1. Within region 35-50, does at least one residue satisfy the condition of being in contact with a Ser or Thr (Cβ under 8 Å, 6 or more places away or on another chain), within 12 Å of the ligand (Cβ to nearest atom), over 11 Å from VAL6 (Cα atoms) and basic (Lys, Arg)?
2. Yes or no: VAL31 at pLDDT 95 or above and either within 11 Å of the ligand (Cβ to nearest atom) or under 23 Å from PRO96 (Cα atoms) (or both)?
3. Pull up region 81-106, narrow it to residues that are aliphatic (A, V, I, L, M) and over 14 Å from the mean Cα position of the chain (by Cα), then point me to the one that is farthest from ASN8 (Cα to Cα).
4. Inside region 142-159, can you point out the residues that are aliphatic (A, V, I, L, M) and over 18 Å from ALA188 (Cβ atoms)?
5. In the list GLU112, GLU127, which residue meets the criterion of being away from the ligand (no atom under 16 Å from the Cβ), surrounded by 14 or more Cβ atoms within 10 Å (Cβ to Cβ) and without any contact (Cβ under 8 Å) to a residue 12 or more places away in the chain?
6. Given the conditions (1) surrounded by 19 or more Cβ atoms within 10 Å (Cβ to Cβ); (2) at pLDDT 90 or above, which single one is not true for ILE179?
7. Are any of the residues in region 219-231 touching a helix residue (DSSP H, G or I) at 6+ places or on another chain (Cβ under 7 Å) and in a loop (DSSP other than H, G, I, E, B)?
8. Can you run down the residue pairs with Cβ atoms below 6 Å, 6 or more apart or on separate chains, where the first is in region 201-223 and farther than 14 Å from VAL238 by Cα and the partner is assigned to a helix (DSSP H, G or I) and charged (D, E, K, R)?
Amino acid sequence: MVSIDVRNAYVDFPIFDAKTRSLKKKVIGKVGGKIGTGSRVPVIEALRDVTVSLKEGDRVGLVGHNGAGKSTLLRLLSGIYEPTRGSARVVGKVAPVFDLGVGMDPEISGLENIMIRGLFLGMTRKEMEKRVDDITEFTELGDFLQMPLRTYSTGMRVRLALGIVTSIDPEILILDEGIGAVDAAFMAKARDRLKDLVRRSGLLVFANHSDEFLMEFCDSAIWMDSGNVKQQGSLREVLTAYKGRDPFEHLSAETLARIGAAPAMSGNGGD
Ligand SMILES: Nc1ncnc2c1ncn2[C@@H]1O[C@H](COP(=O)(O)OP(=O)(O)OP(=O)(O)O)[C@@H](O)[C@H]1O
């Protein structure tokens, strides 16, 4: 069984080349984590006293303003960062997808990249060999898969990366923003694959600014604010508090059915 247990965790980034003089003026910005100036070196407190407990089957959306600590938390949940204080225990194999292009080598072919990226995401060579045809078909890249990746356009790279990412069988799937940043037409094609991927994953944590994505893939949520967990609960509860309105309220019956959500709670549209 997969699980993630983070207890009273802090992640600090000491900044050795900051202009400390101007920091002392204490201009408080709206975005970003807290900057501690108590010690000789300023420290960005990206996560502060975070406690999160996740188990098999959880589908968690991560929301919060720019710099609230979402990516840092995802890296902690992936075991990429160790907490400065507190603890983080991850049981299960993590497939971290922070940037679709990360781990791709421009000098090798698309086909070779399929293999390398698959291995990086926790698959074996044999497992990836079985998936090559399926990925080839999905990307529609044809003979370009024999060409070095540097010859691809941005959209072609995204097709390849998305084809690979959606082919894996992750125990713990950690998705950052990037995955939503593909053009609408291709996204429509990728949507079913993404849904399948999420269905196959033991546990999903997904940071995204789009309600639509969150509603489609997640059922619970964590709201990060200045490095703290401000709220944890059902997706609807948390999004309603974060946005100041119920994002499910004005969805059509068709969309609600597609994302498998209950009809809006307010008004007389009960059931
Ligand atoms: N490698 C780093 N070195 C120093 N500071 C960092 C580093 N990574 C993140 N931070 C700081 O930690 C805080 C949280 O950043 P993080 O990237 O986790 O936010 P986020 O919620 O993912 O933001 P966004 O929505 O803009 O992507 C910010 O104040 C940022 O400046």
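1. yes
2. Working: at pLDDT 95 or above: no; either within 11 Å of the ligand (Cβ to nearest atom) or under 23 Å from PRO96 (Cα atoms) (or both): yes.
Spelling it out, it is not the case that VAL31 is at pLDDT 95 or above and either within 11 Å of the ligand (Cβ to nearest atom) or under 23 Å from PRO96 (Cα atoms) (or both).
3. So the residue we want is MET104.
4. Hits for region 142-159 are LEU145, MET147, LEU149.
5. GLU112
6. Status for ILE179: all satisfied but (2).
7. Within region 219-231 (the criterion being touching a helix residue (DSSP H, G or I) at 6+ places or on another chain (Cβ under 7 Å) and in a loop (DSSP other than H, G, I, E, B)), the answer is yes, since at least one residue qualifies.
8. Cβ pairs passing all conditions: none.
The values are calculated or read from the model by the stated rules, or taken from the named source; none is laboratory data. Everything quoted here is computed from the prediction, not taken from an experiment. With ideal geometry, Cβ positions are generated from the backbone for all residues, glycine too; neighbour counts draw on all protein chains shown.
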